[in-house]
Amino acid sequence: MKFLLASALACLPAMAAVSGVVMNGTTGQPQAGVTINLVQPGAGGMQQLGSTTSDKQGIFSVDKDPGPGGPALIQATYTAVTYTTIMPPGTKTAGVNVTVYNATAEPPPEMKTQHLILLEPGASSLKVSETFYTQNGSRLAYQDSTNGSVRFYLPEGAPENLQATIDSTGVPIKRPIEQGTQAGLYKISYPLKPGETRIDLEYMLPASATFSGKVLNTNPPARLVTPANVTLSGDGIVDAGQEPTTGARVYTFSGTTFKANILGVGSLRTPDSKASPEEDPQSPKCCEEVPARLQSKMFWILGLGFGILFIGGALLFRRGSA
């Protein structure tokens, strides 16, 4: 098969500036009928350089040179799911490998999501950051257009017009949350592709000595996280220890509901952590500044995530999918 693909790619017209083959990661076979869009950020926003469709052998070619000015994106759309391949300046544009997957509306058993809730109480407000970290170890893209691929409850008083920051490719994007089928239940309609996807929500609440919440899934169990000088207590809430890198405190709770008593004020943020990722990948800065901003803003999740894994075993789903 590899020999046939190599031979076919060698026969592409010499003038094709961006060319390659689309493989179906579910079947292991070349995938025909995939829509390919070549786009590039510019001064006027995201510019489409060209589009095509993969042929019976999965081969595609776009007769357009992205040039040295900036990165280009290959956006491959298959079964209503878009897969983005980033091409930094200077990247070889011939023989590009693009992978797509079959989609399913049922959560794959190999997929697990860790839910983290960071509480940062201040003198006049309570900052809440929720992260859904998904490891999809299957060879299917999970997308439930009706119920949402990610579902969650928001506490009373949380704003309803929130947007989620989603990162599965290194190019963070924003998507609005949608009302679910029950009061207080919300959803995000975004495909969870094989590999890792992180979804972040942030909102402010009035200052309070308590915080109540409700979660949908308990496998793996959700975690409550606070700065080192903030402690939580309450029925069923267990102190799981401190994360060694940031000093953050980690708590577990039994069941799907909790009410935490908050003692102390504090933050895990750095002074330059106010910058936010770009609103949409259609922005000219989406591939240049966003990853650095996201790393600055959400630094706590990088070190804290691994600490939580050792404390609570949140990486069991990774090991199971290896």
- Please enumerate the residues belonging to segment 219-243 that are surrounded by 13 or more Cβ atoms within 10 Å (Cβ to Cβ), under 26 Å from the mean Cα position of the chain (by Cα) and either of a type in the set (S, T, N, Q) or not in a strand (DSSP E or B) (or both). Pro220, Pro221, Ala222, Thr226, Pro227, Gln242, Glu243
- Item | Subset of segment 118-129 that is in contact with a strand residue (DSSP E or B) (Cβ under 6 Å, 6 or more places away or on another chain) and either hydroxyl-bearing (Ser, Thr, Tyr) or buried (at least 22 other Cβ atoms within 10 Å of the Cβ) (or both) - its residue that is farthest from Arg249 (Cα to Cα) | Ser125
- Note on the structure: Filtering segment 115-138 for residues that are of a type in the set (S, T, N, Q), closer than 28 Å to Ile74 by Cα and outside any strand (DSSP E or B) leaves a count of 1
- Query: Could you say whether any residue in segment 182-191 is assigned to a strand (DSSP E or B) and in contact with a Pro (Cβ under 6 Å, 6 or more places away or on another chain)?
  - Reply: no
- Message: Within segment 139-153, take every residue that is without any contact (Cβ under 8 Å) to a residue 60 or more places away in the chain and either in contact with a strand residue (DSSP E or B) (Cβ under 6 Å, 6 or more places away or on another chain) or not in a loop (DSSP other than H, G, I, E, B) (or both) and give me the one that is farthest from Gly184 (Cα to Cα).
- Response: Tyr142
- Yes/no for Gly170 being within 18 Å of Ala222 (Cβ to Cβ) and not in a strand (DSSP E or B): no
- Query: Do you know which residues across segment 157-177 are touching a residue at least 40 places away in the same chain (Cβ under 8 Å) and more than 23 Å from Ile86 (Cβ to Cβ)?
  - Reply: Gly157, Ala158, Pro159, Leu162
- Query: Quick check: is even one residue across segment 166-188 more than 30 Å from Tyr101 (Cβ to Cβ), surrounded by 21 or more Cβ atoms within 10 Å (Cβ to Cβ) and of a type in the set (Val, Ile, Thr)?
  - Reply: no
- Residues of segment 131-163 satisfying the condition of being out of contact with any Leu (no Cβ under 8 Å at 6 or more places or on another chain) and of a type in the set (Gly, Ala, Ser): Gly137, Ser138, Ser145, Gly148
- Item | Residues located in segment 53-76, provided they are hydroxyl-bearing (Ser, Thr, Tyr) and farther than 13 Å from Ala17 by Cα | Thr53, Ser54
- Could you tell me whether any residue of segment 49-62 is in a loop (DSSP other than H, G, I, E, B), at pLDDT below 85 and more than 17 Å from Ser168 (Cα to Cα)? no
- Query: Does segment 202-250 hold any residues that are closer than 28 Å to Ser149 by Cβ and among the polar types (S, T, N, Q), and which are they?
  - Reply: Ser212, Asn217, Thr218, Asn219
- Message: Looking at segment 206-221, can you tell me whether even one residue there is out of contact with any helix residue (DSSP H, G or I) (no Cβ under 9 Å at 6 or more places or on another chain) and among the charged types (D, E, K, R)?
- Response: yes
- Is it the case that some residue within segment 146-158 is buried (at least 21 other Cβ atoms within 10 Å of the Cβ) and within 13 Å of the chain's Cα centre (by Cα)? yes
- Query: In this structure, is Lys112 assigned to a strand (DSSP E or B), surrounded by fewer than 21 Cβ atoms within 10 Å (Cβ to Cβ) and among the basic types (Lys, Arg)?
  - Reply: no
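The values are calculated or read from the model by the stated rules, or taken from the named source; none is laboratory data. Not measured: the values here are computed from a predicted model. Cβ coordinates were reconstructed from backbone atoms using ideal geometry, including for glycine residues, and neighbour counts include every protein chain displayed.
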